[in-house]
Amino acid sequence: MTPASDLDWLKRQAALKATDYVHDGMVVGLGTGTTSRHLIIALGERVRAGLKIRAVPTSHDTADLARHSGIPIIDSDHAWTIDVAIDGADQVDPQFNLVKGGGGALLKEKIVAAAAKRFVVMVDHTKLVPALGGSFPLPIEVVPFGWGSTARHIERASGGTAVLRERNGVVFQTEAGHVILDLHMPKIDDPASLEIELNQVPGIVETGLFIGRTSILIVGHTQGVDVTSATES
């Protein structure tokens, strides 16, 4: 097992590499999570050195850190043209499909990823899996009304077990006021089909499945950083 401190170092190396895809004049989508935090701090240093970018954050925490780092933020009411979105992931399969949403920001993260010309994903090597599911549940954002019935529909559609997310004994709420059901499945054999199936369930706002969206995958290993284009996989 790699010590947590070493994993954080690997995340930082992946994040530093991801800054190579940010250039002067760009609008950048900023993800949420520990790896994205390293990215924002690094970009802040480049902004202070003269880099001119604007950012679309995917959470209040990301927005606060970006502002603190000196990165200008674009108002969320705008119709963005995002040059590159950069984010982490909870799981990555061999086809570069992702599970995201461990931090609860999956809705904004997917909106930003969908609006971007290029989506760069940065992870440490422990996030690479032969198949999605198993060790990490699939987050599904749902409206609070009737969430129990929504959970039953999700379980019927997937064959998994949906658990309402709580933090410190309190039901977790997203920034949009929704709740998250964490769907536990031994293995997600066909992520694309599952996403289509789940999107038919009333009450689901968005799933943490990011299918076919990754443009570039950056992986921090103990031996260095690997960069792969989705067209090369």
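The values are calculated or read from the model by the stated rules, or taken from the named source; none is laboratory data. Bear in mind that the values here come from a model prediction, so they are computed numbers and not experimental data. Cβ coordinates were reconstructed from backbone atoms using ideal geometry, including for glycine residues, and neighbour counts include every protein chain displayed.
Worth pointing out:
- Counting the residues of the range 136-159 that are crowded, with 22+ Cβ neighbours inside 10 Å and within 16 Å of residue 90 (Cβ to Cβ) gives 5.
- Any chance residue 182 is modelled with pLDDT of 95 or more, surrounded by 15 or more Cβ atoms within 10 Å (Cβ to Cβ), in a strand (DSSP E or B) and not assigned by TED's automatic domain parsing to the domain that holds residue 101: yes
- Candidates 65, 7: the one that is surrounded by 13 or more Cβ atoms within 10 Å (Cβ to Cβ) and in contact with a Ser or Thr (Cβ under 7 Å, 6 or more places away or on another chain) is 7.
- Residue in the range 119-131 that is touching a helix residue (DSSP H, G or I) at 6+ places or on another chain (Cβ under 7 Å), surrounded by 21 or more Cβ atoms within 10 Å (Cβ to Cβ), free of Cβ contacts under 8 Å to residues at least 24 places away in the same chain and hydrophobic (A, V, I, L, M, F, W, C) present: no
- Cβ pairs under 7 Å, 6+ apart, first in the range 1-23 and at pLDDT below 95, second outside any helix (DSSP H, G or I) and acidic (Asp, Glu): 7/124
- Here residue 34 clears all of (1) surrounded by fewer than 18 Cβ atoms within 10 Å (Cβ to Cβ); (2) under 23 Å from residue 111 (Cα atoms); (3) touching a strand residue (DSSP E or B) at 6+ places or on another chain (Cβ under 9 Å) except the condition numbered (3).
- Taken together, 167, 213 contain a single residue that is closer than 28 Å to residue 8 by Cα and out of contact with any helix residue (DSSP H, G or I) (no Cβ under 6 Å at 6 or more places or on another chain), which is 167.
- Of the residues making up the range 179-233, those that are of a type in the set (A, V, I, L, M) and within 14 Å of residue 151 (Cα to Cα) are 179, 180, 181, 183, 185, 198, 201, 204, 205.
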